[in-house]
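Working notes, beginning with the structure itself.
The values are calculated or read from the model by the stated rules, or taken from the named source; none is laboratory data. This structure is a prediction, so every number in the text was calculated from the model and none was measured. Using ideal geometry, Cβ is built from the backbone for each residue, glycine included, and neighbour counts are taken over all protein chains shown. Ligands, DNA and RNA are stripped out before the accessible areas are found, and what is left, the full protein with its side chains, is counted by its heavy atoms. Shrake-Rupley method; radii C 1.70, N 1.55, O 1.52, S 1.80 Å.
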Amino acid sequence: MNMARRVAALAVLTFGVTFTLRVRGISDHFWLLEDQIRDWSIALSSFSELPLVGSPTHFDGYTIGPAFYWILWAIRITLGPWFQNLPHAGGIGQAMLQSGADALLVVAIWRRTRSPWIALSTVVMVTTAAYDLALSALVWNPTMGSVLARVAMALVLLGWHDGSTIRVASTTAVAWSAVHAYTGAIFVAVSVFVAILADPIIRRNWMDVRRVGRVVVITVSLLQTPYM
């Protein structure tokens, strides 16, 4: 089996195993608390009725953008009809995104370290953490923030942002959307921005540094338009 097939096989295996762990018995033990009732009710609305801010925070404010509700709404219109639009459809959708992020991360780490064992060990440690696993198939904004932060890190490890303005903007958008979903993801987002800028700085390509910096600033500004 060549390298590409082995990487693909591990990605598929990672997705299948982690998704099964997350959704096993979800229709019987799905947590339906105040936050889940509120957010799923919002997702049942039309897109034009979605709020332009994120979910409420514990200090009487809101997260700084609506990316969580946009993604949850997309889950509802695609998976909801298969489950009578019941709330656990959102949990299944978030579990799919979590497992997809895990599969992308295992590929990224393998390609970066050239070691499938480091990649697999890292993802196993992340996905089997008891608190993370217990909440991974839940309609909850910190879970979505974790998904987006993981995807952003994987894109940086893969070097996805190199050589293309569109890819820089895409990586920036994913990282900042994680902050939309969960404010604590700001640490990951800033780290991703630093990593994106580090490559042209190391090469002393100052024109590229300015270009990448502008793209990061413009992308974040556009994502803040709904909130503003």
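If I filter the stretch 156-172 for residues that are open to solvent by 20 Å² or more (accessible area, probe 1.4 Å), part of a helix (DSSP H, G or I) and in contact with a His (Cβ under 7 Å, 6 or more places away or on another chain), do I get at least one hit? Among the residues of the stretch 156-172, at least one is open to solvent by 20 Å² or more (accessible area, probe 1.4 Å), part of a helix (DSSP H, G or I) and in contact with a His (Cβ under 7 Å, 6 or more places away or on another chain), which makes the answer yes.
For (1) more than 14 Å from V12 (Cα to Cα); (2) touching a His at 6+ places or on another chain (Cβ under 7 Å); (3) at pLDDT below 95; (4) of a type in the set (A, V, I, L, M, F, W, C), each residue gets a yes or a no:
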site: P81; (1), (2), (3), (4): yes, no, yes, no
site: H88; (1), (2), (3), (4): yes, no, yes, no
site: G91; (1), (2), (3), (4): yes, no, yes, no
site: G100; (1), (2), (3), (4): no, no, no, no
site: V107; (1), (2), (3), (4): no, no, no, yes
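Out of all the residues in the stretch 58-76, which are outside any helix (DSSP H, G or I) and open to solvent by 50 Å² or more (accessible area, probe 1.4 Å)? Steps first, answer last, please.
Within the stretch 58-76, the subset outside any helix (DSSP H, G or I) is 58-66.
H58, F59, D60, Y62 - these are the residues of the stretch 58-76 that are outside any helix (DSSP H, G or I) and open to solvent by 50 Å² or more (accessible area, probe 1.4 Å).
Scanning the stretch 43-57 for residues that are among the polar types (S, T, N, Q) and open to solvent by 90 Å² or more (accessible area, probe 1.4 Å) gives a single hit, S48. Looking for something under 17 Å from L79 (Cβ atoms), of a type in the set (S, T, N, Q) and surrounded by 18 or more Cβ atoms within 10 Å (Cβ to Cβ) - is there at least one such residue anywhere in the stretch 19-42? Among the residues of the stretch 19-42, at least one is under 17 Å from L79 (Cβ atoms), of a type in the set (S, T, N, Q) and surrounded by 18 or more Cβ atoms within 10 Å (Cβ to Cβ), which makes the answer yes.
Yes/no per residue for (1) among the aromatic types (F, W, Y); (2) more than 14 Å from V174 (Cα to Cα); (3) in a loop (DSSP other than H, G, I, E, B):
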residue	(1), (2), (3)
S191	no, no, no
V194	no, yes, no
D199	no, yes, no
R204	no, yes, yes
V209	no, yes, no
G213	no, yes, no
V216	no, no, no
L222	no, no, no
P226	no, yes, yes
